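A.B. asks: Pasting a structure here, questions to come.
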């Protein structure tokens, strides 16, 4: 019997985008999954969209609703409710290739010394290339997306106090606990909406004089303040 994979989807509003993402989760070729949806106090028709998908799928979908507490809280809630030996925190604005879970499970099954597996992805028309796992490079910059497959026993929980860079914080915490990741050099999913990651700016936006341009300066300041919190927490400088 293949290992159970828990797909944990935190969602807040944006019901139509969530529904597309959920459909791609139900269409995974891997044969043993459960889907945990945690509605983080949405104001829209998230549950209705989920029920529409559920009617046309044989995959088990479990729905929980909580008062709005942020994505880290919703992800942690989903983890506590899940049962899978492998877990993936599936952002509610991604559409995955149908074999994504299958490919990730294969890596973890074959490499018992690996604790999580990640891939590259597409943001709009931009290809976001990850890289070979390196703790040193990870300390400089996060290149691992939240939607990666993790061994259940290795997951340390998300820091619910963080407003940004929760994924970077997670991978750094795992590395500090001696955990290792492995990169699948493929683009296995696409981000289909705007969100925090869509605040992405070109590298030159963080350099003088472009960082002071009015349409970039506020984003640059927010980015640098959030990054400073991670640097101090993990003693990176």
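The values are calculated or read from the model by the stated rules, or taken from the named source; none is laboratory data. The shown structure was predicted, so the numbers you read here are calculated from the model rather than taken from an experiment. Positions of Cβ are backbone-derived with ideal geometry, glycine not excepted, and every protein chain shown enters the neighbour counts.
A.B. asks: Among the residues of region 191-205, is there at least one that is modelled with pLDDT of 75 or more, assigned by TED's automatic domain parsing to the domain that holds residue 24 and either buried (at least 16 other Cβ atoms within 10 Å of the Cβ) or touching a helix residue (DSSP H, G or I) at 6+ places or on another chain (Cβ under 7 Å) (or both)?
C.D. replies: Scanning region 191-205, I find at least one residue that is modelled with pLDDT of 75 or more, assigned by TED's automatic domain parsing to the domain that holds residue 24 and either buried (at least 16 other Cβ atoms within 10 Å of the Cβ) or touching a helix residue (DSSP H, G or I) at 6+ places or on another chain (Cβ under 7 Å) (or both), so the answer is yes.
A.B. asks: To continue, here is another question. Being assigned by TED's automatic domain parsing to the domain that holds residue 91, in contact with a strand residue (DSSP E or B) (Cβ under 8 Å, 6 or more places away or on another chain) and farther than 20 Å from residue 131 by Cβ is the requirement here; does residue 164 meet it?
C.D. replies: Considered against the rule, which asks whether it is assigned by TED's automatic domain parsing to the domain that holds residue 91, in contact with a strand residue (DSSP E or B) (Cβ under 8 Å, 6 or more places away or on another chain) and farther than 20 Å from residue 131 by Cβ, residue 164 comes out as no.
A.B. asks: Restricting attention to region 162-191, which residues are part of a loop (DSSP other than H, G, I, E, B) and within 13 Å of residue 142 (Cβ to Cβ)?
C.D. replies: Once the filter is applied, which keeps residues that are part of a loop (DSSP other than H, G, I, E, B) and within 13 Å of residue 142 (Cβ to Cβ), region 162-191 yields 162, 164, 165.
A.B. asks: With respect to residue 80, is the statement that it is out of contact with any strand residue (DSSP E or B) (no Cβ under 7 Å at 6 or more places or on another chain), surrounded by fewer than 16 Cβ atoms within 10 Å (Cβ to Cβ) and under 21 Å from residue 160 (Cβ atoms) true?
C.D. replies: Taking the combined requirement at face value, the residue satisfies it.
One line per residue, one yes/no per condition, for (1) over 29 Å from residue 112 (Cβ atoms); (2) touching a strand residue (DSSP E or B) at 6+ places or on another chain (Cβ under 7 Å); (3) modelled with pLDDT under 95:
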position	(1), (2), (3)
12	yes, yes, yes
30	no, yes, no
39	yes, yes, no
45	yes, no, yes
51	yes, no, yes
89	no, yes, no
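A.B. asks: Tell me which residues, restricted to region 99-124, are surrounded by fewer than 14 Cβ atoms within 10 Å (Cβ to Cβ) and more than 15 Å from residue 84 (Cβ to Cβ).
C.D. replies: 110, 111, 112, 113, 124, listed by residue number.
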